[in-house]
1. Among the numbered conditions (1) loosely packed, with under 14 Cβ neighbours inside 10 Å; (2) within 27 Å of G219 (Cβ to Cβ); (3) basic (K, R), tell me where K177 comes up short.
2. Inside the range 212-264, can you point out the residues that are β-branched (V, I, T) and surrounded by 11 or more Cβ atoms within 10 Å (Cβ to Cβ)?
3. Quick one: would you say K148 is assigned to a loop (DSSP other than H, G, I, E, B), under 30 Å from D112 (Cβ atoms) and among the charged types (D, E, K, R)?
4. Take the range 130-166 and flag every residue that is within 15 Å of the chain's Cα centre (by Cα), exposed (fewer than 13 other Cβ atoms within 10 Å of the Cβ) and of a type outside the set (G, A, S).
5. Testing L51 on (1) in a helix (DSSP H, G or I); (2) near the ligand (Cβ under 10 Å from one of its atoms), one condition comes back false. Which one is that?
6. Name the residues in the range 185-222 that are in contact with a helix residue (DSSP H, G or I) (Cβ under 9 Å, 6 or more places away or on another chain), closer than 16 Å to C267 by Cα and part of a loop (DSSP other than H, G, I, E, B), would you?
7. Among the residues of the range 113-128, write down those that are more than 13 Å from the ligand (Cβ to nearest atom) and in a helix (DSSP H, G or I).
8. For G85, indicate whether it is near the ligand (Cβ under 10 Å from one of its atoms), farther than 18 Å from V128 by Cα and either assigned to a strand (DSSP E or B) or modelled with pLDDT of 80 or more (or both).
Amino acid sequence: MVALMANPTVRAATMAIHNFFRDLYPAPKQPSSQPRKSKAKKERLFTADDLKKYDGKEGSKGLYLAILGRVYNVKKGKDHYGPGGGYEFFAGRDGSRAFVSGDFTEEGLIDDIRGLTSTDYIGLNDWVKFYDKDYKYVGKLIGRFYDKNGDPTPYHTEVQKWIAEAYDVQDNDNQEKKMFPPCNSEWNPDTGSRVWCTKRSGGVARDWVGVPRKLFNPGKGQPRCACVKDSGPPSHDPTRTNHDNRGDLDNPNILEYTDCPPDQPECMIKPSPSLHLTPACLASQCNTKYSHDQKF
Ligand code: HEM
């Protein structure tokens with residue numbers, strides 16, 4: 001599991017599965033008869049040793065956990081975080097990294113979150129939103145994210161930057177997905193792969209169908225199958241009047257599939273020997289005589 005979670009795609013998929021199930025079995029709501037403490041109550045500052053005393057074990061002072069230096073009372077989730085619970089290792093400490101790495105060993109349960117992927121930073125931010133919504137925030141942990149006065153550390157400032165950058169990457173990916181929606185695809189051991197476009201393929205509703213092309217994204221590894229708009233002005237200049245009515249077909253990052261009719265919304269792809277593209281080809285206009293691994 002830990003080895004698998006080293007793969008960012010597996011991590012993202014795991015968290016999607018986790019979120020689905022977590023939302024099916026939400027933590028019990030605070031009993032409404034329980035008195036609510038005043039919002040004005042001053043937040044507390046904890047040292048790591050203070051926080052350890054809130055690990056929910058017998059004789060402990062309570063059941064708290066921290067994420068990105070923010071401390072929450074998770075008593076109402078004692079079935080998860082209390083002794084014997086599936087996530088008891090999060091109690092009494094800040095194991096931020098493990099919330100996205102899935103590495104629940106002592107080495108993994110750390111608060112250093114350097115070098116994660118943008119999906120991970122968004123995942124961590126989502127966890128903070130989750131605790132803000134579902135649990136009671138009680139204060140800050142002095143250490144990596146907050147100093148002894150409770151003020152954000154330079155590391156905290158860096159983290160905010162990483163999270164903001166992660167959302168920028170997500171925005172760009174969403175824009176790319178809108179311009180080049182993923183193809184539908186299916187694989188059959190006898191006939192090979194079929195890719196095709198519809199007005200909803202890739203989960204992107206639009207008023208055009210498009211034609212399947214290999215889309216190269218320099219720096220992002222394997223090409224993927226994209227539905228490319230094949231009429232009207234290019235997407236980056238939608239109001240242009242003097243265009244060739246070819247949509248995005250002249251985009252330098254796309255390539256026709258060999259042996260596929262270039263003007264049809266569907267294409268049967270025969271397996272072809274792998275060929276690694278040079279960066280020069282990726283960056284410039286590659287022509288159709290190249291064949292590639294088909295992965296999408
Ligand atoms: C990185 C990996 C994962 C992390 C960090 C994680 C973390 C957590 C945490 C902290 C909770 C408690 C939430 C609360 O306070 O309500 C929880 C609940 C839950 N998680 Fe995960 N999880 C992970 C992966 C998974 C996977 C792969 C599945 C399912 C296949 C899953 C299924 C569940 C379910 C069903 C619950 C809620 C109910 C219960 O435990 O009885 N989680 N998870």
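The values are calculated or read from the model by the stated rules, or taken from the named source; none is laboratory data. This is a predicted model, so every value here is computed, not measured. As a convention, Cβ positions derive from the backbone with ideal geometry for all residues, glycine included, and neighbour counts pool all protein chains shown.
1. (1)
2. Just the residues of the range 212-264 that are β-branched (V, I, T), to begin with: 228, 239, 241, 254, 258.
Listed by number, the residues that qualify are V228, I254, T258.
3. Values: assigned to a loop (DSSP other than H, G, I, E, B): yes; under 30 Å from D112 (Cβ atoms): yes; among the charged types (D, E, K, R): yes.
Yes, satisfied.
4. Initially, the range 130-166 is screened for residues within 15 Å of the chain's Cα centre (by Cα), giving 162-166.
Filter again for exposed (fewer than 13 other Cβ atoms within 10 Å of the Cβ), leaving 164-165.
Within the range 130-166, just E165 meets the criteria.
5. The failed condition is (2).
6. Within the range 185-222, V209, G210 qualify.
7. Listed by number, the residues that qualify are S118, Y121, I122, N125.
8. Values: near the ligand (Cβ under 10 Å from one of its atoms): yes; farther than 18 Å from V128 by Cα: yes; either assigned to a strand (DSSP E or B) or modelled with pLDDT of 80 or more (or both): yes.
Taking the combined requirement at face value, the residue satisfies it.
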